[in-house]
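Here the structure is laid out as structure tokens; the discussion comes afterwards.
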Amino acid sequence: MSKTGNVIERRGNKVVKKFASRINFVKESNIYEKLKGSGLAPEMYGALDGEIELEYVEGPNFYQNYLAAGTDPAAQVKCFEDFYRWYMKYREITNIGIGDMDFEDFIALDTGLKAIDFEHCKPCSMEEDIAYLACLIAMYPHGYTTAGMESAKLFVCVGSSCMNWQADTLSRVTPLAAERVEKQLGLRRNVGMAHYLAAYFSTTGVVLAGGKSSRMKQDKKQMMVDGKTMLEASANLIGFMPKRIISAAAGEEISFPGFETVNDSYTDRGPMEGIVSCLKSSNQPWTLFLTCDMPLLTEKLLRLFLSYPKDEADAFMFTAGGKRQTFPLLLRTENASRAMQDAVDNNEYAVQLAIERRLKIKTINAEDFGDFVPNMLWNINTPEDYEKITK
């Protein structure tokens, strides 16, 4: 007996599925018919009187393969690429969503995935499907975990490179998908986490690394803190965003795995030049700017920063000690691109002042975060700063 009350019985190299619901029988048999010969599902040999007869397919399910991948990103990417290959073909053939299908409904074979349960498929957008599955990964089986959230981010990151979904739609439907999964798994509602995932899924991440390091007297982005360069520390915080950029000085060569390098067109404009250039290169509704000299910024503090609902504000900034902090900086890409270009056109290169004059700002008090200490938002500019955090 299946979880939906259907009776499933194996008969040699065939499987017979008897449906408890006539409607579900019709829905599933129709989809199997559409998928005939596609390799995306077991072959259907017959459908009559509430029963369908299927090819028997044996193998691990997708979720077992995903668990076997552990926390190895390369192995997880392989699993997720297999899913997206299946999903793109499926949508092309059926033009219908997968509904409540989960990763245990996919058999993983050397030739690709085969799905085995279609009775709850329904018309919906691909963004709704992807948001639901991403939230399942983040929470399954017992609630949000750090590993689950990182895998959910990677799942969306892989998909964004091969599918043409609307990022703003994905962001809008993610909190609804999270609520659906929380109910399904019997979990307590976590609105902040849902908004964090929604923001992460629809944001270009930028590390501003084009400074001259004149006060440090050496290239500070390559200086080590806790076993990582300062550039790596910032890049790791945005490593699975759908688009990732390193902002470099004019003529500078920086290569960082998984990141595009965008060079300044001009010198002596400070971070404003990198902000303007990267806003133009961003393909997401939001663009997050970090600097390469904030190695003590934590993932938890950044999560707080991104977890606020995206209302009508165009710029999000922290306050600490009663003062606005320029970075991290979250900008609504389209509006900010026009505003910051206008500032540059008027020879205004002070980032905060340009934002204050042209954009609606929402400030978030960093001290509301229980584990906050001021050095999390420090810029490491001088040898004395560096000595403070490494001694």
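The values are calculated or read from the model by the stated rules, or taken from the named source; none is laboratory data. Being a predicted model, the structure only gives us computed values, none of them experimental. Cβ sites come from the backbone with ideal geometry, for glycine too, and all protein chains shown count toward neighbours. What goes into the accessible areas is simple: the full protein's heavy atoms, side chains included, and nothing from ligands, DNA or RNA. Shrake-Rupley method; radii C 1.70, N 1.55, O 1.52, S 1.80 Å.
The set of residues from the range 320-366 being buried (at least 20 other Cβ atoms within 10 Å of the Cβ), more than 28 Å from the chain's Cα centre (by Cα) and of a type in the set (S, T, N, Q) is empty.
Here is a yes/no grid of residues against (1) open to solvent by less than 50 Å² (accessible area, probe 1.4 Å); (2) under 30 Å from Gly239 (Cβ atoms):
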position: Gly5; (1), (2): yes, no
position: Arg22; (1), (2): no, no
position: Gly37; (1), (2): no, no
position: Leu54; (1), (2): yes, no
position: Asn61; (1), (2): yes, yes
position: Ala75; (1), (2): yes, yes
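Among residues of the range 368-383 that are closer than 11 Å to Met216 by Cα and part of a helix (DSSP H, G or I), those with a beta-carbon under 9 Å from a residue that is of a type outside the set (Lys, Arg) and modelled with pLDDT under 90 at least six positions away or on a different chain give the pairs Pro383/Met216; Pro383/Gln218. Suppose the filter is assigned to a loop (DSSP other than H, G, I, E, B) and over 26 Å from Leu154 (Cβ atoms); does Glu28 pass it? Against the criterion (assigned to a loop (DSSP other than H, G, I, E, B) and over 26 Å from Leu154 (Cβ atoms)), Glu28 does not qualify. Determine, yes or no, whether Val181 is of a type in the set (Val, Ile, Thr), within 23 Å of Tyr308 (Cβ to Cβ) and in a helix (DSSP H, G or I). In short, yes.
Give all pairs with beta carbons closer than 8 Å in which a residue from the range 341-367 that is closer than 12 Å to Ala315 by Cα and part of a helix (DSSP H, G or I) meets a residue that is open to solvent by 20 Å² or more (accessible area, probe 1.4 Å) and among the aliphatic types (A, V, I, L, M); count only pairs at least 6 apart in sequence or on separate chains. The qualifying pairs are Ile355/Ile361. Taking residues in the range 173-197 that are over 12 Å from Ala138 (Cα atoms), and partners anywhere that are among the charged types (D, E, K, R), the pairs with Cβ atoms closer than 6 Å and at least 6 places apart or on different chains are Val173/Glu127; Val173/Glu128; Arg189/Glu182. Looking across the range 240-258, just one residue is touching a residue at least 60 places away in the same chain (Cβ under 8 Å), out of contact with any helix residue (DSSP H, G or I) (no Cβ under 6 Å at 6 or more places or on another chain) and part of a loop (DSSP other than H, G, I, E, B), and that is Met241. The residue of the range 126-176 that is most open to solvent (accessible area, probe 1.4 Å), among those that are closer than 23 Å to Arg188 by Cβ and of a type in the set (Val, Ile, Thr), is Thr146. Test of understanding: among Lys300, Lys280, which residue is open to solvent by 50 Å² or more (accessible area, probe 1.4 Å), in a helix (DSSP H, G or I) and at pLDDT below 95? Step by step, each of Lys300, Lys280 is checked, and only Lys300 is open to solvent by 50 Å² or more (accessible area, probe 1.4 Å), in a helix (DSSP H, G or I) and at pLDDT below 95.
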